[in-house]
Amino acid sequence: MTADLLRERFLDFFKVRNHKIVASDSLVPQDDPTVLFTPAGMNQFKKEFLGFDSGFRRAATCQRCLRTDDLDKVGKTPGHHTFFEMLGNFSFGDYFKKEAISFAWEFLTKELKLEKDRLWVSVYQEDDEAEGIWRDLIKVPAQKIIRLGEKENFWPSEAKTKGPNGPCGPCSEIFFDRGEDIGCQRANCSPACDCGRFVEVWNLVFTQFNRKEPGILEPLPKKNIDTGMGLERLVAVIEATESNFQTSLFKPIIEEIKQGLSPQLVSNLQIKRTLPERELIYAISDHIRAIVFAIFDGVLPSNETRGYVIRKLIRKSSLHLKTLGIKNKPFLYKLVPAVAEVMKVPYPDLLLRRENIAQIILAEEKNFIAILNSSESLFREKFAALLKKPDPEIAAKIAFYLYDTYGIPLELTQDWLKNHNLNISQEVFQQELTQVRNRSKSKTQIKEGIFVGGDLYAGLRPTRFLGYKFNSYRVKVSEIFKDNLKVKRINKGEYATIILEQTVFYPQSGGQVADTGKIIKGKNVFIVSDARKVGNVILHLGKVQEGSFKKNDSVLAQIDAQRRLSIARNHTATHLLQAALRKVLGVHVQQQGSLVREDYLRFDFTHFKDIGRAELDRIEEIVNGYILENYCVLAKQMSLSNARRKGALAFFGEKYASKVRVVSIGDVSLELCGGTHLDSTARIGIFKIISESSVAAGIRRIEAVTGVSAYKHIKEEESKLAELSEILGVSVENLSRELEKRLVRIKELEKLKYNQQREKIMILLDSWIENAEKINEIKIITQILDDTDIEILREAVDILKKKTHPAVIALGTRQKNKALLVIGITGDLVDKGIDAVKLIKDCGGILGGSGGGRKDFAQAGGNKPENFSLAFGELKNKVARMINSSKA
């Protein structure tokens, strides 16, 4: 049975049992401050667990998840992963232990036909009820039911004694027995043993308590069920493999990795069961899945939060590949098609994105390879002072800086330090690592606990949105909150959150900013500055401007209609822009993010090349053509499956319900969209692109304006052109010709200046040789020149090397606040061990910068031109030491 069929069988099993089948959430959790990535199936249902009414009380999912807690174990154990899929069924105050246990047993033994004799279960040590159901109802032999403590069988782990506060409860796990010949082979071996014989297949969590300090467990009025079963482990059980990495989910990826390895290593892998290289291959096959799906869900490699995690995974994989013999060339990106092929059934869009994802990984690989290739020069630069005066603690801090900033692994740094007789303090390195992790946690505002601040609006009735048809509507106040507390009344000057039974205010969503406006009751006015959505409840945030408001008041909800119109112009224009981009650049263009405000729009999309001026002009022309065609803009509700069949485009980061709103613009655009739009394209007026740029590898950004904002922008450009025309004394029509003429003249003057500088310096070369200082018969030529082209200095060095030897030549120039230095070594000295690169490192550091090059020629730049005398002094000392060293 394939993984694709397992997913289907699991979801179908629970669909028949009245569970709503909910699509996997993104790896990037929405409105959840407790996690960086989606770590489990239950995360997208936190609001339902807290009492929000989503229209269903039973659900089942196959959720893609990402965890890095056990990163160091990945590849070394049969079942640890960063990316994995979690099958789960959930109950929100509906069924409880008896049904959850029965469903699980029925699915495993009847649907999948696993042998009952090979299944064991564990229960929490105090959960007599669960044990009784397993023993008396399911008929599991008593000897195959084990009781475990709160660390193993309570959720969250050890929550009873250590917290966090909030919903919690005992859990029961189902284990598959791989056989007596596996693991420790002791007669009393059970799921309590971690020898590997027993595989945890399914975890059933019975959320029945609310924990309060000090460790008090109060029964919840509504008890919930939260289950999780790792698809990878289940596939390993079904396919009877020793490891998840030997299953059909990983085999194609691993085979692709082997294509890049030496035949000898591949042969060894086939012969030997245990091999360090095998662990690296397994880790790479795991990491590439996490990388691909994170990018698929909009996370790009970076030095910040989620992007930092993905960058680390790419670099860790690159280092593994290097160890396996794939050096100095990108390879990881080649695995993307294999991942897309394996996962094409549940994620067909991955096939459409594979080229874009591969290009993003390729760019990141190239960047890291360049860093690794420059590691030697980085080590010499950063550890220069320690070579003279070793200090393990300072060495540790520098090592961590290289790890944190450049991604250079500690092991690589340690090897270099060992070769140079330097030690490192592991304790200080770990301290630095801990501090950065704490800062990162603070910066990302990850909050402690599982459920944080979500129950404030629990139990409230969903707000009906009327804003597609109306700008104002008479409605009723259902609740008022102030300082996170329900209140009956608010008065003038007080900030509060008002909830209405119905509303015309569009809450911030899908890249579109929220409406603003007023809630009015006679002379009483509440200014709405923001609108947000929590679950299905729309919150109106603002301040009482006049009078007071209380619960059950009948009020007039009124948005700023002109502002809404400007937002609608930009939103409809955004759809037209995507259509034009796909027409000009290709159908590979997909939305990666957007911002729709009243004053401008921003659109991020996949594209790997720079966009030329001609292409931008064409895109702008097409959008304005759509506007002039005055296409009707229509919105219809339909099933998600029907919308996809019609070819409607979807935004990568948005989660869609089974019923979706589809916005069509003539025959040029069809998109899933919940935002507010115009009724015809002509009302946009004008569309003007104001900027185009790259925001990440493979991601471009266009900013544009419409309507009045576009008109103002055009007038500002006209004003600037008129001002420039006046300064240059020509008409606007002749500006280009005049600028070209002046640029030609500037180039002529620059060439003249260059030739004059060159001629002057060439005359001085012989005198420099004649007046050179000597160290052991070696001529040391040092000169400082002001505002001289670096190319002239390079040429002068080459000529001097031909005119005289043995010689060390160092020529510097001051250019405003910059220092540039070139060093040349004659060939006879290079043979004796004099190295221009070593000299430039020391001199460059004194000049406030760094440099590099070859043994016979190197150059550096810095921001301390006043230090040339010091740099030349160090150069002479260094040369003297090198000569003495070569003699010894």
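The values are calculated or read from the model by the stated rules, or taken from the named source; none is laboratory data. This is a predicted model, so every value here is computed, not measured. Here the Cβ is made from the backbone with ideal geometry for all residues, glycine too, and neighbour counts use every protein chain on show. Note: accessible area is taken over every heavy atom of the protein model, side chains too, but ligands, DNA and RNA are not part of it. Shrake-Rupley method; radii C 1.70, N 1.55, O 1.52, S 1.80 Å.
Take the Cα radius of gyration of the range 287-327 and divide it by 2.2 N^0.38 Å, N being the number of residues; the result is 1.19.
Out of the range 166-231, which trypsin sites (Lys or Arg not before Pro) are coil in DSSP terms and have no more than 13 other C-beta atoms within 10 Å? In loop regions of the range 166-231 (DSSP not H, G, I, E or B), the sparsely surrounded trypsin sites (Lys or Arg not before Pro) are R186.
Taking the inverse of the mean reciprocal distance over all distinct Cα pairs, the Kirkwood hydrodynamic radius of the range 662-802 comes to 22.3 Å.
Based on the convex hull around the alpha carbon atoms, the range 269-356 presents an average projected area of 6.6 nm².
Note on the chain: dipole from Cβ charges, positive end direction compared against A130, S719, I174; the farthest Cα belongs to S719.
For the range 588-697, trypsin sites (Lys or Arg not before Pro) are listed when DSSP marks them as loop and at most 15 other Cβ atoms sit within 10 Å of their Cβ; the list is K609, K646, K655. Please report the antiparallel percentage of the DSSP beta bridges confined to the range 747-839, to the nearest 5. Once the DSSP bridges in the range 747-839 are tallied, antiparallel ones form about 60 percent.
Give me the distance between the Cα centres of the range 842-882 and the range 128-168, rounded to whole Å. Using only Cα atoms to place each centre, the spacing works out to 69 Å. Averaging 1/r across all pairs of distinct Cα atoms in the range 474-587 and inverting the result yields a Kirkwood radius of 15.2 Å.
Evaluate the Kirkwood expression for the hydrodynamic radius of the range 451-527, namely the inverse of the mean inverse distance over all pairs of different C-alpha atoms, and round to one decimal in Å. It is 14.0 Å. Note on the range 90-161: semi-axes of the ellipsoid equivalent to its C-alpha gyration tensor, largest first and rounded to whole Å, are 21, 16, 11.
Straight-line cross-link partners of K322 among the lysines, defined as a Cα under 25 Å from its Cα and at least 8 positions apart when in the same chain: K73, K76, K251, K258, K272, K312, K334, K366, K382, K418. In plain terms, the C-alpha convex hull of the range 523-606 casts an average shadow of 7.7 nm² when viewed from every direction. Computed 3J(HN,Hα) for the range 473-486, one whole-Hz value per residue from the Karplus formula 6.51 cos²θ - 1.76 cosθ + 1.60 where θ = phi - 60°, is 6, 7, 9, 10, 6, 9, 8, 10, 10, 9, 6, 6, 10, 5, glycine and proline marked x. What base-10 log of the normalised intensity I(q)/I(0) is obtained for the chain from the Debye formula, alpha carbons as equal point scatterers, at q = 0.05, 0.09, 0.10 Å⁻¹? Log10 I(q)/I(0), no solvent term: -0.42, -1.14, -1.27. Here, the range 1-114 has an Rg and a Dmax of 15.2, 44 Å when only alpha carbons are counted. Residue-normalised convex hull volume from the C-alpha trace of the range 140-233: 119 Å³ per residue.
Take every Cα pair under 8 Å whose residues are at least 6 apart in sequence, average their separation, divide by the length of the chain, and the relative contact order is 7 percent.
Between the alpha-carbon centres of the range 23-81 and the range 276-345 there is a gap of 21 Å.
Explain nothing, just the number: relative contact order of the range 160-203, from Cα pairs under 8 Å at least 6 residues apart, as a whole percent.
47 percent
Summarised in one figure, the compactness ratio Rg/Rh of the range 802-888, Cα atoms and Kirkwood Rh, is 0.98. One way to sum up the overall shape of the range 183-305 is the equivalent ellipsoid from its Cα gyration tensor, whose semi-axes run 37, 24, 13 Å, largest first.
What you get for the range 768-877, charging only the Cβ of Lys and Arg (+1) and of Asp and Glu (-1), is a dipole of about 200 debye around the Cα centre. Loop-located GluC sites (Glu not before Pro) across the range 106-176 with a Cβ neighbour count of 16 or fewer within 10 Å are E115, E126, E158, with loop assigned by DSSP. What is the distance in Å between the Cα centres of the range 696-723 and the range 566-623? Between the Cα centres of the range 696-723 and the range 566-623 lies a distance of 13 Å. Accessible surface area normalised per residue over the chain is 48 Å², counting heavy atoms of protein chains with a 1.4 Å rolling probe.
Along the axis of the charge dipole computed for the chain (Cβ charges of +1 for Lys and Arg, -1 for Asp and Glu, origin at the Cα centre), the listed residues Q512, S91, L119 are led at the positive end by Q512. Of all aspartates and glutamates in the structure, those lying under 15 Å Cα to Cα from K344, and not within fewer than 8 positions of it along the same chain, are D4, E8, E85, E355. Partner lysines whose Cα lies under 17 Å from the Cα of K802, excluding those fewer than 8 positions away in the same chain, are identified as K779, K855.
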